[in-house]
Amino acid sequence: MCGRGPQFGHRISHAHNVSKRRWNLNLQTVRALVNGASRRLRVCTSCIRAGKVQKVA
């Protein structure tokens, strides 16, 4: 829905060793109404809470 994806950064230890890491979104599979038809979408929970997704009853 919102087009968000994982964010990337560094994992830094106490000795300041740097390795790559990523922050994954909390995606949920939801049946939602899209153009009047129900579809399965992977939607982030912030969009579900904000009401951007109209769920199928």
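Just so you know, all these numbers are worked out from the coordinates, no wet-lab data involved. Fair warning: this is a prediction, and the values are worked out from it, not measured in the lab. Virtual Cβ from ideal backbone geometry, glycine too; neighbours counted across all protein chains shown.
With contacts taken as Cα pairs under 8 Å and at least 6 residues apart, the chain reaches a relative contact order of 29 percent. Neighbour counts of other Cβ atoms within 10 Å put 48, 12 in the fewest-to-most order 12, 48. Size descriptors for the chain: radius of gyration and Dmax over Cα atoms are 16.5, 55 Å.
What longest region of the chain stays clear of trypsin sites (Lys or Arg not before Pro) that DSSP places outside H, G, I, E and B and that have at most 16 other Cβ atoms within 10 Å? Excluding the exposed sites themselves, the longest stretch runs over 5-51.
Using the Karplus curve 6.51 cos²θ - 1.76 cosθ + 1.60 with θ = phi - 60°, what ³J(HN,Hα) values do you get for each residue of the range 38-47, in whole Hz, with x for Gly and Pro? Each residue of the range 38-47 in turn: 8, 9, 8, 10, 9, 10, 6, 5, 5, 6 Hz.
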